[in-house]
Amino acid sequence: MFTNNQDGLELSTLMLINAAERRGIEVEILDLEDNFIRLKKGDKIEYVKQATRTSADTYIAPLIMENKEVTKVVLREKGIRVPAGIMVKSTTEAMAHYQEFRGKDIVVKPKSSNFGIGIVIHKNLQCEKCYQLAVIQAFTHDTSVLIEEFVPGKEYRFLVIGAEVVGILHRVPANVVGDGVHTIAELVAQKNQNPLRGKGYVSPLEKLRLDHTELAFLSEQDKSIATIPEPGETVYLRENSNISTGGDSIDFTDDIIADYKAIAVAAAQAVGAKICGADIIIEDIHKTPDDQNYSIIELNFNPALHIHNYPFVGENRHVDEKVLDLLGF
């Protein structure tokens, strides 16, 4: 059961500390604000930052995963499907390719970014100005921008530790469900009262927001925060499904066939990662993967652990224990 974190540590780090203490491992918090700890048992010492930055990974592996273009090159060479697309260095260069993408479903995103920051999705692109604004937004987060095909299907986060997939989540974009009485703003406030929701990764789920991105997305649906949704109507507040922006997490670890788990492990091994969060779009989790029905859209270094132990729907996967196993404790 989740209890509120009073220490100010990120939940993933707190979980790892608790798991370590259960194993009789001495834990020292070296920098609370940085979530930097030291684990010691006998003569063995390991330093861990933010729960998943450990000595198990080389310095270069996170750098590869951070650079989405390099990640795509490495995975493509290993025969792992990644989205087709281009990388541009300026808005002018991006606009020169507008006609290539017109009428298509595309994703515009910074070359190096996490937590869904700066990512914009356009379906059946027809608006040149909208395309330009998406590119400009992405450039506020990086000096290079990727413009890629939008891959249909559902997105799943595969957590790879060592040579094993230890947890899989489907992340649902931030949303509220109507009751025919309350406004969207009121439904958001109600959902945020759930003790599982907080701010700054100290709780299993993040609070829903009603900032510019959410307001703009509601406007695209001809809705506002004053709209009263119909009973049972699901209203999405964002396009992207990151837990960090208020999304819900549903455990699928036992539901997805082994073929996709093997792909996630192969992807992590391709970039030399021992701990990796692989984001995979899958059309049908029961069908064998082929060149058309799945794609890895991102590999993430320093993946969150807590989302797998405290999913919105599903069971605790105890992934903190897997980190300790990897470190040899």
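Summary of computed values
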{"item": "Residues that are more than 12 Å from M15 (Cα to Cα) and open to solvent by less than 40 Å² (accessible area, probe 1.4 Å), drawn from the stretch 303-328", "result": "P303, P311, L327"}
{"item": "Qualifying residue in the stretch 261-279 (condition: without any contact (Cβ under 8 Å) to a residue 40 or more places away in the chain and open to solvent by 10 Å² or more (accessible area, probe 1.4 Å))", "result": "yes"}
{"item": "Members of the stretch 167-211 found to be of a type in the set (V, I, T) and closer than 21 Å to R157 by Cβ, listed by number", "result": "I168, V172, V202"}
{"item": "Any hit, the stretch 57-65, residues being part of a strand (DSSP E or B) and over 23 Å from I117 (Cβ atoms)", "result": "no"}
{"item": "Extreme residue, farthest from T143 (Cα to Cα), among residues of the stretch 84-102 that are without any contact (Cβ under 8 Å) to a residue 40 or more places away in the chain and charged (D, E, K, R)", "result": "R102"}
{"item": "Single residue of S244, S224 found to be farther than 17 Å from I281 by Cα, part of a helix (DSSP H, G or I) and in contact (Cβ under 8 Å) with a residue 12 or more places away in the chain", "result": "S244"}
{"item": "Test: residue in the stretch 282-289 that is open to solvent by less than 30 Å² (accessible area, probe 1.4 Å), under 17 Å from the mean Cα position of the chain (by Cα) and of a type outside the set (D, E)", "result": "yes"}
{"item": "Residue tally, condition of a type outside the set (K, R), outside any strand (DSSP E or B) and either under 24 Å from N242 (Cβ atoms) or open to solvent by less than 40 Å² (accessible area, probe 1.4 Å) (or both), over the stretch 104-131", "result": "13"}
{"item": "Search result, residues across the stretch 155-186 that are open to solvent by 30 Å² or more (accessible area, probe 1.4 Å), in contact with a strand residue (DSSP E or B) (Cβ under 6 Å, 6 or more places away or on another chain) and of a type outside the set (A, V, I, L, M)", "result": "E155"}
{"item": "Residue pairs meeting the criteria (Cβ under 9 Å; at least 6 apart or on separate chains; first closer than 23 Å to P195 by Cβ and in contact (Cβ under 8 Å) with a residue 12 or more places away in the chain, in the stretch 206-221; second assigned to a loop (DSSP other than H, G, I, E, B) and open to solvent by 60 Å² or more (accessible area, probe 1.4 Å))", "result": "E206/K199; K207/K199; L210/I225; E214/I225"}
{"item": "Matching residues, the stretch 176-201, being in a loop (DSSP other than H, G, I, E, B) and among the aliphatic types (A, V, I, L, M)", "result": "V181, L196"}
{"item": "Those residues of the stretch 87-103 which are in a strand (DSSP E or B) and either open to solvent by less than 40 Å² (accessible area, probe 1.4 Å) or of a type in the set (S, T, N, Q) (or both), in sequence order", "result": "V88"}
{"item": "Search result, residues across the stretch 37-62 that are open to solvent by 70 Å² or more (accessible area, probe 1.4 Å) and either within 22 Å of the chain's Cα centre (by Cα) or on the phi > 0 side of the Ramachandran plot (or both)", "result": "R53, T58, Y59, I60"}
{"item": "Residue in the stretch 212-229 that is open to solvent by less than 30 Å² (accessible area, probe 1.4 Å), in contact with a helix residue (DSSP H, G or I) (Cβ under 6 Å, 6 or more places away or on another chain) and hydrophobic (A, V, I, L, M, F, W, C) present", "result": "no"}
{"item": "Checking N18 against (1) under 23 Å from Y201 (Cα atoms); (2) among the polar types (S, T, N, Q); (3) open to solvent by 30 Å² or more (accessible area, probe 1.4 Å); (4) out of contact with any Asp or Glu (no Cβ under 8 Å at 6 or more places or on another chain), the condition it does not meet", "result": "(4)"}
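The values are calculated or read from the model by the stated rules, or taken from the named source; none is laboratory data. For clarity, every value in this text was computed on a predicted model and none was experimentally measured. All Cβ positions, glycine included, derive from the backbone under ideal geometry; neighbour counts span all protein chains shown. Calculation scope for accessible area: heavy atoms of the full protein, side chains included, ligands and nucleic acids excluded. Shrake-Rupley method; radii C 1.70, N 1.55, O 1.52, S 1.80 Å.
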